Amino acid sequence: MAITAIAPVAAADPVIDDATRLQTALDYEGALAVLDRALAAGGATADDYAARQLLAGALAAGLDHVDAARDHYARALAVRPDIRLPDGTSPKLVLPFEAVRVHGGVALRARAVRGHDAIVLAIEADPLKLIAGIAVHAGDASGAEIVDRHATRVAVPEGMAVGDVAALDAAGNEVWRGPAATLAQVSFPAAPTSRSAHLVWPFAVAAGVAVGWGSVSAWRLSVAQTEWNNLRANNGHVDYSTLVGVQNRGEDWALSANAAFIVAGVAAAIGAVQLVRGTKLSVAVAPSGGAALSVAGRF
């Protein structure tokens with residue numbers, strides 16, 4: 001069965017050209033072998049990587065290697081979610097691609113964060129576990145590059161101008177590239193400002209008073225229970241009306257304790273909502289020495 005030629009996404013890739021020539025000559029196994037060798041050798045840009053994986057997936061699907069086809073397609077879509085097979089491609093090749101795109105395609109997402117002495121890759125989504133290493137490119141004409149294929153953090157010399165940062169797969173292919181941010185900003189609920197404290201203190205006081213009253217009520221309930229137990233132990237020497245009176249008093253204290261603790265819980269919940277809504281904390285995260293991240297906050 002003839003396999004429709006897959007138009008390359010990245011221009012002038014000799015690997016795609018070689019594989020396409022073999023594909024045109026109906027040597028599908030040879031074309032797939034060329035792509036597999038090139039992917040294993042590494043060094044591809046993200047666009048070339050996605051195009052090679054897409055063509056490898058089509059060749060595998062044409063050879064009825066459906067699982068392999070889906071794996072290649074998934075890798076292509078993870079790196080370039082907008083990549084597509086050309087119009088007119090055989091349904092035999094399109095069906096496994098569409099199955100991955102619709103049900104299993106999750107784009108790889110990452111960020112590069114720069115500290116004073118290092119660049120760190122923050123991996124936000126990588127379901128296929130493609131990212132294994134990092135490459136930092138100089139931001140000048142020197143063409144310098146710092147590469148570690150087995151870590152997502154790399155030290156950079158002080159004062160080095162940093163250009164793009166690339167995430168690498170285990171073979172050394174680029175699977176993501178982007179600029180390095182100086183820091184990342186995130187927001188978390190924080191301690192109260194004077195405004196939020198002004199909103200919270202009435203509820204804190206109400207909760208404290210309610211807890212105090214509930215504690216007193218619980219103690220009075222315990223006293224009533226002890227008295228009732230002692231009276232009941234003197235069977236035949238205590239009027240029934242006395243026992244009923246002690247029981248009623250204990251039930252009143254129990255009701256009072258339950259109500260007080262409910263009020264305390266409601267007041268505390270409202271106070272917590274006011275506290276969270278009343279302020280935010282800005283946190284700067286940047287790589288520090290060793291394997292740590294330094295965190296600084298501002299209220």
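All of the numbers you see were taken from the coordinates with simple rules; none came from a lab. This one's a predicted model, so the numbers in the text were calculated from it and none came from an experiment. Here the Cβ positions follow ideal geometry from the backbone for every residue, glycine too, while neighbour counts run over all protein chains shown.
How far apart, in nm, are two points set 7 Å out from the Cα along the Cα-to-Cβ line at Glu124 and at Asp164?
According to this spin-label approximation, the distance is 1.8 nm.
What does the C-alpha gyration tensor say about the overall shape of region 14-104? Classify as rounded when a/c is under 1.5, otherwise prolate if a/b is larger than b/c, or oblate.
Since a/c reaches 1.5 but b/c is at least a/b, the shape of region 14-104 is classed as oblate.
Once the piece of chain linking Ala107 and Val66 is laid out straight, how much longer is it, given 0.36 nm per residue of separation minus the C-alpha distance between them?
Going from the current span to full extension adds 12.6 nm.
Order these by the 10 Å Cβ neighbour count, fewest first: Arg153, Arg37.
Arg37, Arg153
Calculate, for Ala181 and Asp17, the FRET efficiency according to 1/(1 + (r/R0)^6) with r their C-beta to C-beta distance and R0 30 Å; round to the nearest 0.05.
With a Förster radius of 30 Å, E is 0.25.
Residue separation times 0.36 nm, minus the C-alpha to C-alpha distance between Ser142 and Arg84: what's the value?
The Ser142-Arg84 span can extend by a further 17.3 nm.
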